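The values are calculated or read from the model by the stated rules, or taken from the named source; none is laboratory data. Remember, it's a predicted structure, so these values are computed and weren't measured experimentally. Heads up, the Cβs are rebuilt from the backbone with ideal geometry, glycines too, and the neighbour counts pull from every protein chain shown.
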Amino acid sequence: MATGARRFCWPLLGVLLLVALWSLLAALYPPILVPSPMAVLGALGRLAATGVLWQALGLTLLRLAAAFALGSVLGATLGLLAGQSDALAGLLRPGLGLAAGAPPIAWIALALIWFGTGSLTPIVVAVLVTAPVVFDATFQGMRALDRDLVTMARAFGLQGAALVRELYLPALAPHLLAGLSVGAALTVRIGVMGEFLACDRGVGSAMALARTQLNTAEVVAWVLVALALLWLSEGVLLGPLARGAAAWRQEA
Amino acid sequence: MLALDGVVKSYGPARVLDGFSLEAGDQEIVCLLGPSGCGKTTLLNIAGGLLAPDAGLVRRPPGQPGYVFQEPRLLPWRTAADNLGLGLLAQGVPKKAREAIVARYLDQLGLAGAAHLYPHQLSGGMRQRVALGRAFVVQPACLLLDEPFKSLDIGLRLTLVRLLLEEWQRRPRPVLFVTHDTAEAALAAHRIVVLDGPPATIRAEIALHTPPCERRPDDAEVLQTEARLYALLAKPLPAL
């Protein structure tokens, strides 16, 4: 109980500190530059009440989920394969380096030309940024794999799905989960940015619209929505997965 | 019968086996002793089919071989029971049947209370018992042991040799047992092969007459064999 309280105590204080700082700035500057926390909550409330929030959130959630699923499956699969073949690893490295290294805004510019405005642009760009991160994590995991355990598994005839379930997946889990966690954050950030620049619906484009209307409180309200998406991915998806994967370590 | 016939194996320019031949009869425990790096592990891996020879023939009784490695090599995220039953899982034995067989072996190896513990919760001796059980449980056609008791104290070592012999007596089969320990070899082997190398060559062979299961550490034959092995293996030291 005491450790639980301590675990939440400091982050909570951190949030309160941020809100205090925000309120201070809001008192110093006009609302069009820095809207107060109450004004932002009010804007959020109106968006929720009129249903605009839920429509945008639903669409964005779909896009981000698709991008995250595609990016992680692509990255993990390539990482698994590259971990078993130095030739393939060498072959893939430049392409993935290009995807991860080029500024995301360049991908958005190109995707706009290729796919125009619509869901495809933010999804493709988020995949391009997420896949290399998950690839790297998986590849590192394959490199760190205990060769002796692999030999043992082979000696006892373990293969196919059983080999993946008994050996590869648990061994890779810590690496994979770290990669997925970073990948999820990137998907949200880059996906929403793609929407901002390339879409006419969704959280990002709603933020862009609020900006053109100089409705700063609403812009910040959409930022909170994007943050909530990130918390959702950590809290609902990755957190429980990580706890499940590490359960055997906890046994004292 | 488990047999290597004229086996050749090189790693790059280093020839580890150069026309090496060895056999273990259907009910024979053969212990292999020799200096580190003389090719014992390579020859064991070739005998078990984990490694392909560059040339030569390997004859192995049909069926899954059972391996015990130097380190336990248990899956850290699986319980003792699941680790012990890994080979059965690989063979597709249904869960209920698997659990029944595993429970029997846990019992025989004195691990009944440890079934649900993870490897990091087990002592070194218990981990190696699980590894032994993992090899026994698949009803292996032959057993290949690569210094399996190396890191254990002498009491545990003798206990585990005893468990190995009990299992062998229940189901006799060819066994290749690599060890550095003269006492282990003198207790467990029908025949001891002393190697030199690389490339591996047979320096001496010692056949023992008392059945392994009837031997005690202080039997005359065991002690004599140990003394002979010691004379063969120990390098002469300068006087102090």
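Counting only residues that are closer than 9 Å to B:Gly87 by Cβ and under 13 Å from the mean Cα position of the chain (by Cα), which one in segment B:127-147 is surrounded by the most Cβ atoms within 10 Å (Cβ to Cβ)? Only one residue tops the list, namely B:Arg134.
The requirement of being touching a Ser or Thr at 6+ places or on another chain (Cβ under 6 Å) and free of Cβ contacts under 8 Å to residues at least 40 places away in the same chain is not satisfied by A:Ala67. Counting only helices (runs of 4 or more DSSP H) that fall entirely inside segment B:36-110 and contain at least 3 residues that are over 21 Å from the mean Cα position of the chain (by Cα), the qualifying elements are B:95-108.
Specify the residue that is nearest to A:Val127 (Cα to Cα); the eligible residues are those in segment A:75-104 that are under 18 Å from the mean Cα position of the chain (by Cα) and touching a residue at least 60 places away in the same chain (Cβ under 8 Å). Among those residues, the one meeting the criterion is A:Gly75. For B:Ala189, the conditions (1) of a type outside the set (Ser, Thr, Tyr); (2) surrounded by 17 or more Cβ atoms within 10 Å (Cβ to Cβ); (3) under 18 Å from B:Ser21 (Cα atoms) all hold with the exception of (3). Apart from one condition, B:Leu111 fits all of (1) at pLDDT 90 or above; (2) away from chain A (no Cβ under 13 Å); the exception is (1).
Are any of the residues in segment A:133-146 surrounded by fewer than 17 Cβ atoms within 10 Å (Cβ to Cβ) and within 11 Å of chain B (Cβ to nearest Cβ)? Within segment A:133-146, one or more residues are surrounded by fewer than 17 Cβ atoms within 10 Å (Cβ to Cβ) and within 11 Å of chain B (Cβ to nearest Cβ).
Yes/no per residue for (1) more than 14 Å from chain A (Cβ to nearest Cβ); (2) crowded, with 17+ Cβ neighbours inside 10 Å; (3) touching a Leu at 6+ places or on another chain (Cβ under 6 Å):
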| residue | (1), (2), (3) |
| --- | --- |
| B:Leu2 | yes, yes, no |
| B:Gly12 | yes, no, no |
| B:Val16 | yes, yes, no |
| B:Cys31 | yes, yes, no |
| B:Gly39 | yes, yes, yes |
| B:Ala81 | no, yes, no |
| B:Leu89 | no, yes, no |
| B:Arg98 | no, yes, yes |
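What's the total number of residues in segment A:209-230 that are at negative phi, among the hydrophobic types (A, V, I, L, M, F, W, C) and surrounded by fewer than 19 Cβ atoms within 10 Å (Cβ to Cβ)? Count: 6. Considering segment B:42-75, the residues that are among the aliphatic types (A, V, I, L, M) and facing chain A (nearest Cβ under 9 Å) include one that is farthest from A:Ala245 (Cα to Cα), namely B:Leu50.
Does segment B:115-129 hold any residues that are part of a helix (DSSP H, G or I) and within 12 Å of chain A (Cβ to nearest Cβ), and which are they?
Of segment B:115-129, the ones part of a helix (DSSP H, G or I) are B:119-121, B:124-129.
Selection gives B:Pro119, B:His120, B:Gln121.
The residues listed here are A:Thr130, A:Thr77; of these, the one that is surrounded by 16 or more Cβ atoms within 10 Å (Cβ to Cβ), at negative phi and hydroxyl-bearing (Ser, Thr, Tyr) is A:Thr130.
If we scan segment B:207-224, do we find a residue that is within 30 Å of A:Thr151 (Cα to Cα) and of a type outside the set (D, E, K, R)? Step through it out loud before you land on a result.
We begin by selecting, within segment B:207-224, every residue within 30 Å of A:Thr151 (Cα to Cα); these are none.
Among the residues of segment B:207-224, not one is within 30 Å of A:Thr151 (Cα to Cα) and of a type outside the set (D, E, K, R), which makes the answer no.
The residues listed here are A:Leu149, A:Leu120, A:Leu167; of these, the one that is without any contact (Cβ under 8 Å) to a residue 60 or more places away in the chain and away from every other protein chain (no Cβ under 12 Å) is A:Leu120. Restricting segment B:18-29 to residues that are in a strand (DSSP E or B) and not aliphatic (A, V, I, L, M), the residue that is farthest from the other protein chains (Cβ to nearest Cβ) is B:Gly19.
If you go through segment A:147-169 and keep only what is surrounded by fewer than 16 Cβ atoms within 10 Å (Cβ to Cβ) and assigned to a loop (DSSP other than H, G, I, E, B), you end up with just A:Gln159. Among the residues of segment B:199-207, is there at least one that is assigned by TED's automatic domain parsing to the domain that holds B:Gly12, over 12 Å from the mean Cα position of the chain (by Cα), within 29 Å of B:Asp54 (Cα to Cα) and in a loop (DSSP other than H, G, I, E, B)? Yes, segment B:199-207 contains a residue that is assigned by TED's automatic domain parsing to the domain that holds B:Gly12, over 12 Å from the mean Cα position of the chain (by Cα), within 29 Å of B:Asp54 (Cα to Cα) and in a loop (DSSP other than H, G, I, E, B).
Residues in segment B:1-17 that are part of a loop (DSSP other than H, G, I, E, B) and over 21 Å from B:Tyr67 (Cα atoms): B:Gly12, B:Pro13.
Just a yes or no: is a residue in segment B:159-180 in the same structural domain as B:Gly19 (by TED's automatic domain parsing), free of Cβ contacts under 8 Å to residues at least 12 places away in the same chain, on the phi < 0 side of the Ramachandran plot and exposed (fewer than 15 other Cβ atoms within 10 Å of the Cβ)? Within segment B:159-180 (the criterion being in the same structural domain as B:Gly19 (by TED's automatic domain parsing), free of Cβ contacts under 8 Å to residues at least 12 places away in the same chain, on the phi < 0 side of the Ramachandran plot and exposed (fewer than 15 other Cβ atoms within 10 Å of the Cβ)), the answer is yes, since at least one residue qualifies.
Can you confirm whether segment A:127-140 contains a residue that is part of a helix (DSSP H, G or I) and of a type in the set (Gly, Ala, Ser)? So that I can check it myself, show each step before the final result.
First, pick out the residues of segment A:127-140 that are part of a helix (DSSP H, G or I): A:127-140.
Now drop any that are not of a type in the set (Gly, Ala, Ser), which leaves A:131, A:137.
Checked against the condition, which is being part of a helix (DSSP H, G or I) and of a type in the set (Gly, Ala, Ser), segment A:127-140 yields at least one hit.
Within segment B:192-240, being touching a residue at least 60 places away in the same chain (Cβ under 8 Å) and either loosely packed, with under 13 Cβ neighbours inside 10 Å or acidic (Asp, Glu) (or both) holds for one residue alone: B:Asp196. Within segment A:45-67, track down each residue that is among the hydrophobic types (A, V, I, L, M, F, W, C) and within 12 Å of A:Ala206 (Cβ to Cβ). Selection gives A:Leu47, A:Val52, A:Leu53, A:Trp54, A:Ala56, A:Leu57, A:Leu59.
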